[in-house]
Amino acid sequence: MKAGTDRRTFHLSVIYGLWGLITGALALPAAVYLLWPPRRRRTAEWVEAADIGQLALKSPEEVVFRRNRADGWKITSEKETAWVVKLAEDQVIAFAPQCTHLGCAYHWDERKNYFLCPCHTSAFSLEGKVLTGPAPRPLDRFDVKVENGKLLIGPAAAKKA
Ligand code: FES
């Protein structure tokens with residue numbers, strides 16, 4: 001009788017132990033999710049995109065840069081591009097690389113001296129203004145600033161020009 005009781009107690013201990021482990025394994029991620037706040041979506045990050053001294057005056061250049069994006073617990077590094085124009089030694093603008101009509105990638109046409117979208121032939125001036133449609137508005141600009149001779153590009157293309 002005593003041996004049976006011991007075996008029964010042992011089996012119950014094992015069952016309760018496993019039950020506790022399974023409960024802990026399921027509850028821990030839920031507790032972390034509920035109690036540990038995720039990182040807010042951060043896009044307000046300035047990233048270095050170019051050396052101001054390397055940019056030629058009034059000669060647009062497509063620059064490539066990487067931006068870290070935090071979304072919840074996940075941080076991803078994304079490659080982005082911008083068209084950068086140095087209008088004067090102290091004036092630089094950066095355009096988002098998508099046409100404001102339907103989002104095609106446009107390019108700088110050296111011979112004609114304007115940005116040309118190959119999809120529906122919208123053309124934009126050096127300052128991003130629409131020269132010919134169907135683009136409904138000027139090129140979208142990134143916020144930019146210059147620090148220690150480096151061009152820093154802001155979070156997102158603002159709808160302004
Ligand atoms: S997408 Fe550029 S003109 Fe249509």
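Summary table
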{"quantity": "Check on Cys104, without any contact (Cβ under 8 Å) to a residue 24 or more places away in the chain and surrounded by 10 or more Cβ atoms within 10 Å (Cβ to Cβ)", "calculated": "yes"}
{"quantity": "Output for the range 101-125, where each listed residue is in a loop (DSSP other than H, G, I, E, B) and either more than 9 Å from the ligand (Cβ to nearest atom) or over 14 Å from Pro136 (Cα atoms) (or both)", "calculated": "Tyr106, Glu110, Arg111, Lys112, Asn113, Pro118, Cys119, Ser125"}
{"quantity": "Exclusive hit being in the same structural domain as Ala49 (by TED's automatic domain parsing), exposed (fewer than 12 other Cβ atoms within 10 Å of the Cβ) and modelled with pLDDT of 85 or more, set Val85, Val64", "calculated": "Val64"}
{"quantity": "Any chance Lys86 is part of a strand (DSSP E or B) and basic (Lys, Arg)", "calculated": "yes"}
{"quantity": "Test for Thr100: is it assigned by TED's automatic domain parsing to the domain that holds Arg137, at pLDDT 90 or above and of a type in the set (S, T, N, Q)", "calculated": "yes"}
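The values are calculated or read from the model by the stated rules, or taken from the named source; none is laboratory data. All values derive from a computational prediction rather than experimental measurement. Heads up, the Cβs are rebuilt from the backbone with ideal geometry, glycines too, and the neighbour counts pull from every protein chain shown.
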